[in-house]
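Below is one structure; the comments refer to it alone.
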Amino acid sequence: MIVTIDGPAGAGKSTAARMLAKRLAFDFLDTGAMYRAVTLAALRSNCDLADQVALSRLLESIRLDMPPGRVHLNGEDVSDAIRTPAVTAASGAIASSPIVRKKLVEWQRQIAAGRDFVCEGRDQGTIVFPDALCKFFLVADPQERARRRHRELTARGETVTFEAILAAQEERDARDAARDIAPMVPAPDAIQLDSTKLTLEEVVDRMEQEVRRRREPPMPPAPPPTPMAPESQESEDPVARIDSTWFKYWHEFLYLPYHFLFTLGFSLRTTGMLNMPKTGPALLVANHQSFLDPLIIGLVARRPLVYLARKTLFRNPLFAWMIRSLNAVPIDQESVGKEGIRTILSQLQRGRPVVVFPEGSRTDDGNMQPFKPGVHLLIKRTQAPIVPVGIAGAYDAWPIWRSYPIPAPLFMPAGPGTISVSLGKPIDSSHYAAMPREQALQELFDRIHAEQQHAEKLRRR
Ligand code: C5P
């Protein structure tokens with residue numbers, strides 16, 4: 001997948017491209033650096049910059065490598081050597097050479113083939129990658145660009161006047177825009193952004209939003225609710241009743257006694273109830289401390305939720321009845337495997353909120369355990385908002401090794417046996433779409449952990 005950023009020197013392309021690539025977990029290609037490296041090679045070998053035959057021979061004899069953020073010319077790191085004023089001045093002639101452009105376009109396509117890249121330059125959206133997913137043309141006021149360049153050069157210890165920079169820049173812009181081959185023009189389908197009044201952060205925010213929007217296919221509309229699904233559909237959608245009116249009333253009816261029970265028995269405290277979307281799908285991701293968790297989350301969400309439960313839990317008839325009343329969908333595996341992910345996604349597509357416990361099973365020491373890797377697939381695939389849920393105290397009230405829960409002493413406001421739960425602000429799932437697995441899982445873990453800590457504080461207050 002390719003994203004292109006073209007535009008004049010000094011508009012902030014390189015920094016924006018680098019930041020965008022990092023956010024999307026793409027690679028980054030600075031094509032200006034390639035023209036500069038060829039220029040350096042030509043200057044070093046005293047090659048006539050206008051002699052196309054000599055340039056062609058030069059191109060045959062050099063090797064360019066573009067490791068992340070660097071440029072290697074025949075194995076030598078020339079990342080700094082290509083930034084001198086002499087190279088900048090001579091690069092215009094090299095960039096106007098048809099033979100050089102042909103070769104560099106070829107190399108750029110080879111480098112990016114089959115990979116995810118943010119490519120920055122002058123002709124990336126027009127010539128090199130006309131089918132790019134997303135094209136940006138970044139501009140800025142000439143005075144502002146020259147000021148930035150002046151600051152950059154003086155910081156490097158070079159003595160050069162602002163006027164000289166502005167004049168050289170005007171000349172370069174004019175030449176870049178007027179050259180016959182690959183002139184610097186925005187592609188017709190490029191999005192123009194002006195970095196004069198926007199901070200770089202804002203520029204990259206806009207770019208990132210647009211790329212993510214284009215990457216994600218639109219969410220299919222939720223199918224209409226199935227009122228009391230007929231028998232034949234029951235096996236496909238074991239919790240079809242959740243959409244029926246009678247169930248909504250039943251849920252409301254049960255809500256009060258359950259709330260009463262938990263408030264009295266466990267001094268249940270809740271926070272962040274407003275973070276629960278009132279309608280539509282939501283993926284509630286929670287830490288798992290005890291068998292009480294599904295009930296607790298149900299109380300704070302105030303909507304009928306869907307859970308997954310492994311089939312073995314349905315063996316005991318009483319327990320089976322209980323978890324069925326909680327809209328548990330039976331699955332074969334221990335934790336969320338492929339089958340579980342399919343089930344969850346199909347429930348979300350039906351517009352329902354689903355609860356998952358990414359640790360896979362209840363904690364055996366009260367601490368959060370690492371998330372199962374499959375969770376990454378789920379948060380990558382879903383388009384539903386992700387609601388982080390933190391539960392505290394449920395492990396003390398019902399640790400995994402005890403076969404029954406012990407409630408807090410009556411009217412005990414805080415401390416042992418009390419439970420609290422915190423719902424965090426919904427996360428746009430596209431946030432995780434392009435992230436590498438480890439990073440996405442770690443970020444999600446940190447979010448849930450933060451909610452859990454928040455709940456823990458609430459419980460001790
Ligand atoms: O962006 P930068 O200043 O590093 O570019 C160096 C030279 O390469 C400039 O003269 C620019 O016009 C040229 N260039 C180009 N096509 C690109 C990237 C840079 O002609 N895709």
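The values are calculated or read from the model by the stated rules, or taken from the named source; none is laboratory data. Owing to the predicted nature of the structure, the values given are computational and were not obtained by experimental measurement. Backbone-built Cβ (ideal geometry, glycine too); neighbour counts: all protein chains shown. Accessible surface is based on the protein model in full, side chains and every heavy atom, while ligands, DNA and RNA are left aside. Shrake-Rupley method; radii C 1.70, N 1.55, O 1.52, S 1.80 Å.
The length gained by stretching the chain between W401 and A81 to full extension, at 0.36 nm per residue less their Cα-Cα distance, is 108.6 nm. Compute the signed sum of charges (Lys and Arg +1, Asp and Glu -1) over the other residues within less than 14 Å, Cβ to Cβ, of A86. The answer is +1.
Summary value for the chain: 15 percent relative contact order, contacts being C-alpha pairs under 8 angstrom separated by 6+ residues. Scaling against 2.2 N^0.38 Å puts the C-alpha radius of gyration of the chain at 1.31. Counted residue by residue at 0.36 nm each, then reduced by the alpha carbon distance between them, the extension gain from Y249 to D189 reaches 16.4 nm.
Adding -39500 (n - 2.57) for every DSSP H run of four residues or longer, then dividing by how many residues the chain holds, sets the calculated 222 nm ellipticity at -14000 deg cm²/dmol.
The stretch between R460 and R206 holds 87.3 nm of extra length on full extension. This uses 0.36 nm per residue minus the Cα-Cα distance. With each label modelled as a point 7 angstrom along the Cα→C-beta vector, the E216-K338 pair spans 2.6 nm. Using a cut-off of 12 Å between beta-carbons, work out the net charge of the residues near E201 (Lys and Arg +1, Asp and Glu -1, E201 not included). With Lys, Arg at +1 and Asp, Glu at -1, the neighbours total -1. Taking Rh as the Kirkwood radius computed over C-alpha pairs, what is the Stokes-Einstein D of the range 240-459 at 25 °C in a medium of viscosity 0.890 mPa s, expressed in µm² per second? In µm²/s, the coefficient is 141. Taking every protein chain into account, the accessible area of the range 241-358 amounts to 47 square angstrom per residue (probe 1.4 Å). Nearest-5 percent of antiparallel DSSP beta bridges in the chain? Looking only at bridges with both residues in the chain, the antiparallel portion is about 20 percent. Expressed as a whole percent, the accessible surface of the chain that belongs to carbon and sulfur atoms is 58, based on a 1.4 Å probe. Averaged over its residues, the range 2-215 has an accessible area of 47 Å² per residue, based on protein heavy atoms and a 1.4 Å probe.
Here the range 2-215 yields Rg over Rh of 0.94, to two decimals, using C-alpha coordinates and the Kirkwood radius.
Taking trypsin sites (Lys or Arg not before Pro) across the range 58-137, the ones in a DSSP loop with at most 12 further Cβ atoms lying within 10 angstrom of their Cβ are R63, R115.
Among the lysines of the range 240-459, pairs at least eight places apart or on separate chains and with Cα atoms under 18 Å apart come to 7. Measuring r between the beta carbons of Q143 and R381 and using R0 = 30 Å, the FRET efficiency lands at 0.05. What is the distance in Å between the Cα centres of the range 154-171 and the range 445-459? Their Cα centres are 52 Å away from one another.
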